[in-house]
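The values are calculated or read from the model by the stated rules, or taken from the named source; none is laboratory data. This structure is a prediction, so every number in the text was calculated from the model and none was measured. Please note: Cβ atoms are built from the backbone with ideal geometry, for glycine as well, and neighbour counts cover all protein chains shown. Protein only, heavy atoms only, side chains kept; ligands, DNA and RNA dropped before computing areas. Shrake-Rupley method; radii C 1.70, N 1.55, O 1.52, S 1.80 Å.
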Amino acid sequence: MEQHALRHLIHSVASAVIAHAEQLTALDQAIGDGDHGINMKRGCEAVLADLDRLAAHALPAALKATGTVLVMKVGGASGPLYGTLFMTMGKELPEAPSHADVVRAFGAAIEAVRKLGKSDAGQKTLLDVLLPVHAELAAGAQDFATRLPRRAAEAAEATVPMKAIRGRASFLGERSIGHMDPGARSAALMVAALCAALAPEDKP
Ligand code: ADP
Ligand code: MG
């Protein structure tokens, strides 16, 4: 990936998260401690502040470096989880990945998140977006820019009736039912921004 395209990609994803910080915080106020938007905004602002350095790398090293910034700056439960997602993608992807490479690397990255969080599908976490998006991606590359964000939005919506089994929201037990998981929402936002930036008609 060319440097300006990579820069556009990182910038788009970080900016989308920052633009939705208040919404993420509101979701976390309902079933957590109300810091998810603040955490993610802090991490993404650090990514933007470091954009020149991050985008100067080839794709794998850029992903690893971005993951490291997220681990250091986001904090909370989500920082190490998102950091691990990006760092593992960086470790697993070649410099010019094929669709099959992306499917495999994304799968490995989700597996690393699952191990770290001791979590799985159906527990009302960001995995409930990442796993279905991975399945949708594995089904084929065509029209990914419309299919993946749609699947991500549906999957985030599907966390509303779930009872939280992991993370702070699990302390609420049954009372976690009826609210969208904040991490699921931030994951869906990132998928949408990533796809928009990679969409053929949006190439810078
Ligand atoms: P904290 O819960 O420490 O306040 P954040 O508010 O930033 O951290 O992030 C909360 C989000 O992190 C949750 O909405 C959920 O999606 C995700 N999360 C928390 N714990 C886990 C876990 N064990 N496995 C997967 N995701 C988790
Ligand atoms: Mg929180």
**Report entry** Identity of the residue in the stretch 67-78, part of a helix (DSSP H, G or I), open to solvent by less than 30 Å² (accessible area, probe 1.4 Å) and closer than 18 Å to LEU51 by Cα, that ends up nearest to ligand 2 (Cβ to nearest atom)
**Finding:** LEU70
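Being within 16 Å of the chain's Cα centre (by Cα), under 25 Å from GLN142 (Cα atoms) and surrounded by fewer than 22 Cβ atoms within 10 Å (Cβ to Cβ) is true for just one of GLU45, GLU95, GLU111. Which residue is that?
Of GLU45, GLU95, GLU111, the one residue that is within 16 Å of the chain's Cα centre (by Cα), under 25 Å from GLN142 (Cα atoms) and surrounded by fewer than 22 Cβ atoms within 10 Å (Cβ to Cβ) is GLU111.
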Report task. Scan the stretch 175-188 and give yes if some residue there is open to solvent by 10 Å² or more (accessible area, probe 1.4 Å), in contact with a Pro (Cβ under 8 Å, 6 or more places away or on another chain), without any contact (Cβ under 8 Å) to a residue 24 or more places away in the chain and under 19 Å from ALA30 (Cα atoms), otherwise no. Result -> yes
Report summary line: Per the filter on the stretch 1-27, residues closer than 20 Å to ALA192 by Cα and of a type outside the set (A, V, I, L, M, F, W, C) are HIS4, ARG7, HIS8, HIS11, SER12, SER15, HIS20, GLU22, GLN23, THR25
Report summary line: If you go through ALA121, ALA100, ALA135, ALA153, the only one that is modelled with pLDDT of 95 or more, open to solvent by 30 Å² or more (accessible area, probe 1.4 Å) and either in contact with a strand residue (DSSP E or B) (Cβ under 6 Å, 6 or more places away or on another chain) or in a loop (DSSP other than H, G, I, E, B) (or both) is ALA121
